[in-house]
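Colleague: Pasting a structure here, questions to come.
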Amino acid sequence: MTWSEMRPLLEQACWDTLYMVGWSTLIAVVGGLPLGILLVLTDRGGLLQNVVANKVIGQIVNIARSLPFIILMVALMTFTRWITGTTIGREAAIVPLAVGAIPFFARLVETAVREVDHGLVEAVQAMGGNTWTVVRKVLVPESLPSLISSTTTTIVALIGYSAMAGTVGAGGLGDIAIRYGYQRFETGLMWITVAILAVVISLIQFAGDYAARSLHRRGAHSGPAPKLRLLKAAS
């Protein structure tokens, strides 16, 4: 296969992969961020302590995370058809990608939020701040570097998931690698696909690490006193 034949296939595959990963990442962040924060707030000693709710939510998250992605795709076929009207193609792949990524990202959010200094939470409460104020002014801003790292990890995982989705007709780079690289023995095309995935993942990881480090340095330079003054002014 010549480069002129490979190029349109690779361009379409790259666009399909970015489309699937982009939308599923957005849905994962929108669904996983509040879920992860809720796991922290409802835990023992949390601002909304509710042990029963915490256990139920935690168990649902654990079950969803325990399913291998290929099994999750099959299990969600009826739901996917109900949402998108089909079980193949990039739009259909977004459904299991997002469903699999939400609990994954929620656990990362939970870990990030738990690292926030509890003294800042107590300070905001002493100023009369309610739970929403604590979440908006302390938990999310203070955990932002870790949240960016968590988002980066989720995007990298979703790229791997999207490659698996390609094996069942979702399109993307995984589909190219299977149909042409494996089934038609186009080894050159397969290695080009591997190289593209490696470059894309490296760039995403670099950008995510750079953004997280920049925010962490900015937060470290500000110190706790300016933060408390800003929180007091905002409350």
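Colleague: Just to confirm a number: summing +1 for Lys and Arg and -1 for Asp and Glu over residues other than T111 whose beta-carbon lies under 14 angstrom from that of T111, what do you get?
Modeller: Working: positive: R65, R107, R114; negative: D43, E110, E115, E142.
Neighbourhood net charge equals -1.
Colleague: Still on this structure, please answer the following. Which whole-number percent of Cα pairs in the chain have a distance greater than 23 Å? Let's see the in-between values first.
Modeller: Working: 15602 of 27495 pairs.
Roughly 57 percent, rounded to a whole number.
Colleague: Accessible area per residue for the chain in Å², computed with a 1.4 Å probe and the full protein assembly in place, what is it? Show your work: numbers first, answer last.
Modeller: Details: 12760 Å² over 235 residues.
Ligands and nucleic acids excluded, the figure is 54 Å² per residue.
Colleague: At 222 nm, what helix-only mean residue ellipticity would the chain give, in deg cm²/dmol to the nearest 500, using -39500 (n - 2.57) for each DSSP H run of four or more?
Modeller: Values: 11 runs with 181 residues, N = 235.
Taking each H run of at least 4 residues, the total per residue is -25500 deg cm²/dmol.
Colleague: In Å, the Kirkwood hydrodynamic radius of the range 138-186 over pairs of distinct alpha carbons?
Modeller: Values: mean 1/r = 0.0801 Å⁻¹.
Result for the range 138-186 stands at 12.5 Å.
Colleague: Grab the other residues whose beta carbon is less than 14 angstrom from that of G32, score K and R as +1, D and E as -1, and report the net. Mind dumping the intermediate values first?
Modeller: Numbers: positive: R65, R107; negative: E110.
Combined, the nearby Lys, Arg, Asp and Glu give +1.
Colleague: Under a 1.4 angstrom probe, counting protein chains only, how are I196, I37 ranked by accessible area, largest first?
Modeller: Values: I196 40, I37 15 Å².
Accessible-area ranking of I196, I37, largest first: I196, I37.
Colleague: Here is a follow-up. Return the whole-Å distance between the Cα centroid of the range 139-162 and the Cα centroid of the range 65-103.
Modeller: Centre-to-centre (Cα) distance: 20 Å.
Colleague: Still on this structure: Suppose each label sits 7 Å from its Cα in the direction of the beta carbon; what would the R81-R7 distance come out to in nanometres?
Modeller: A separation of 4.1 nm, rounded to one decimal place.
The values are calculated or read from the model by the stated rules, or taken from the named source; none is laboratory data. As the structure is a computational prediction, the values presented were derived from the model and not from experiment. Neighbour counts run over all protein chains shown; Cβ positions are idealised from the backbone, glycine included. Ligands, DNA and RNA are stripped out before the accessible areas are found, and what is left, the full protein with its side chains, is counted by its heavy atoms. Shrake-Rupley method; radii C 1.70, N 1.55, O 1.52, S 1.80 Å.
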